[in-house]
Amino acid sequence: MARFTQDQLDHAASLAGPLDRAGAIEFLRALDIKMSVGHWSAGDFMDRFAPVGYHSDDPGFGSDFESQCRRTKAAGIDAIEIHQSVFEKTLNGDIDWAGLERARDGYVPELGMRITACNFNTWTNPRFRLGGPCNPDPAIRREALDELMKGIEICKALELDIMSIWPGSDGADYHFQIDYLESLGWFTEAVEAANREASKHGIRVAIEPKPYEPRELYMIVPTAASAILVAAEVNRRSGGTNCGLTVDYGHQKMEATTASTACDLAEYAGVPIHKYDVNDARQGRNDQDLIFGTVSIPEAAEYLYTTFVRNYRGWYSQDQFTYRDDPTRAMERSMVNFANIALKAVKVYALADELAAARRAGTGPDVLDVVSPVLLA
């Protein structure tokens, strides 16, 4: 089935950008393009230059989950995703069932919001500084697996169908530091165990690749191709296609490829993409997590176009760190930028036959004759 109906395409054709906030929200709703926000994007931001937090001088700025939900709603977005640690009594401690129930049955529905996915944190706690699923200590590897299983329990309680694994501390800072094959085996075993349990409950598992940072040499799944290989192996061992990817737009820029090529490589390999994270970054740089659509509009439009062509219907989740800015305004701006670029991508989608003919001609000007009038409008 095509990603968009003719009525939806006609609606997009009737719109002229730039869309404002209200227009962006209405357009995304009309075309069933779903945007969420990682809860961290709505919180305070810390780095080594401001470890106390860039908003720590504002006594009214709350960093609890309820405050993050309220800022997200104020930005015009009604979906948010979590780390499992949001509902732990202490970092990597027992599940805070009372806090989870207060969110699930209280302020989240009262705000007209929903929680969409659970991500995993096994890097903030110093006991995971040498890795989580790939830690050289087998006891700590078991603790990391316990965190994955705890996340599955949280997914079940919140009726979430996506759990995403980003192995932040797994990898190496120096050459010779790890046996990569051994570590990759440990990581695959952990994901397989989580995938087997998650699939029993209708929860899809997604692996999120990143070249480096916080590990300085490489992370255990540094590229989309490596994550695809691991997901394919997990699916081979487990049966089915429950294990897939989270593709982060900025991570692909770090890799010096594109999110579009990651999307199509996964399609080629028969590995599903369960979630896309949206942000922006400069090619080949660190993970800047900028507001979406602020570096390269043609690349961002091609990315969204490709996801539409591949019939992706899941969440596009803001994963951004706008350190010095008001996170509510930054999330709103990212959503509005996203909608405007999505509008361009949908208009190119409506020209699929013309674009296919131009591609067969094989030259840049032939293709640009089709897409440039849309991108530059």
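Here, each number is a calculation from the coordinates, and none is a lab measurement. Everything numeric in this text was worked out from a predicted model, so none of it was measured. Backbone-built Cβ (ideal geometry, glycine too); neighbour counts: all protein chains shown.
Observations
- Restricting attention to segment 164-181, the residues that are surrounded by 23 or more Cβ atoms within 10 Å (Cβ to Cβ) and within 19 Å of the chain's Cα centre (by Cα) add up to 6.
- Pairs are defined by a Cβ separation below 7 Å, a sequence spacing of at least 6 or placement on different chains, a first member in segment 291-314 that is touching a residue at least 12 places away in the same chain (Cβ under 8 Å) and part of a helix (DSSP H, G or I), and a second member that is among the basic types (K, R) and buried (at least 22 other Cβ atoms within 10 Å of the Cβ); the pairs so defined are A301/K344.
- Checklist (1) surrounded by 22 or more Cβ atoms within 10 Å (Cβ to Cβ); (2) touching a residue at least 60 places away in the same chain (Cβ under 8 Å) applied to P272, failing item: (1)
- Residues in segment 100-149 that are of a type in the set (G, A, S) and farther than 18 Å from S183 by Cα: A103, G106, G112, A117.
- If only residues of segment 179-194 that are among the acidic types (D, E) and outside any loop (DSSP other than H, G, I, E, B) are counted, the one that is nearest to Y212 (Cα to Cα) is E182.
- Complete set of residues in segment 44-87 that are touching a Phe, Trp or Tyr at 6+ places or on another chain (Cβ under 6 Å) and more than 20 Å from W166 (Cβ to Cβ): Y54, H55, E66
- The residue that is nearest to R204 (Cα to Cα), among those in segment 127-154 that are part of a loop (DSSP other than H, G, I, E, B) and in contact with a helix residue (DSSP H, G or I) (Cβ under 6 Å, 6 or more places away or on another chain), is P133.
- Some residue of segment 162-178 being more than 23 Å from D248 (Cα to Cα) and not in a loop (DSSP other than H, G, I, E, B): no
- Residue check for R329: touching a residue at least 12 places away in the same chain (Cβ under 8 Å) and in contact with a Cys (Cβ under 7 Å, 6 or more places away or on another chain): no
- Scope segment 72-84; condition touching a strand residue (DSSP E or B) at 6+ places or on another chain (Cβ under 9 Å) and in a helix (DSSP H, G or I); matching residues: T72, K73, Q84
- Residue in segment 1-25 that is surrounded by the most Cβ atoms within 10 Å (Cβ to Cβ), counting only those that are small (G, A, S) and closer than 12 Å to L343 by Cβ: A24
- Tallying residues that are in contact with a Cys (Cβ under 8 Å, 6 or more places away or on another chain) and surrounded by 18 or more Cβ atoms within 10 Å (Cβ to Cβ) within segment 193-203 yields 3.
- Residue satisfying all of: in segment 135-161; under 12 Å from Q84 (Cα atoms) and of a type in the set (V, I, T); surrounded by the fewest Cβ atoms within 10 Å (Cβ to Cβ) among these: I152
- For segment 187-224, the tally of residues that are farther than 21 Å from H83 by Cβ, in contact with a helix residue (DSSP H, G or I) (Cβ under 6 Å, 6 or more places away or on another chain) and not basic (K, R) stands at 4.
- Those residues of segment 103-127 which are among the aliphatic types (A, V, I, L, M) and over 20 Å from W315 (Cα atoms), in sequence order: A103
- Filtered residues of segment 39-55 (kept if surrounded by 13 or more Cβ atoms within 10 Å (Cβ to Cβ) and either assigned to a loop (DSSP other than H, G, I, E, B) or of a type in the set (D, E) (or both)): G43, D44, F45, M46, G53, Y54, H55
- Top-ranked residue in segment 107-126 [being part of a helix (DSSP H, G or I) and touching a residue at least 24 places away in the same chain (Cβ under 8 Å); ranked as nearest to the chain's Cα centre (by Cα)]: V108
- Filtering segment 22-38 to residues that are in a strand (DSSP E or B) and of a type outside the set (S, T, Y) leaves K34, M35, V37, G38.
- Filtering segment 90-106 to residues that are touching a Phe, Trp or Tyr at 6+ places or on another chain (Cβ under 9 Å) and either in a strand (DSSP E or B) or surrounded by fewer than 16 Cβ atoms within 10 Å (Cβ to Cβ) (or both) leaves I95, W97.
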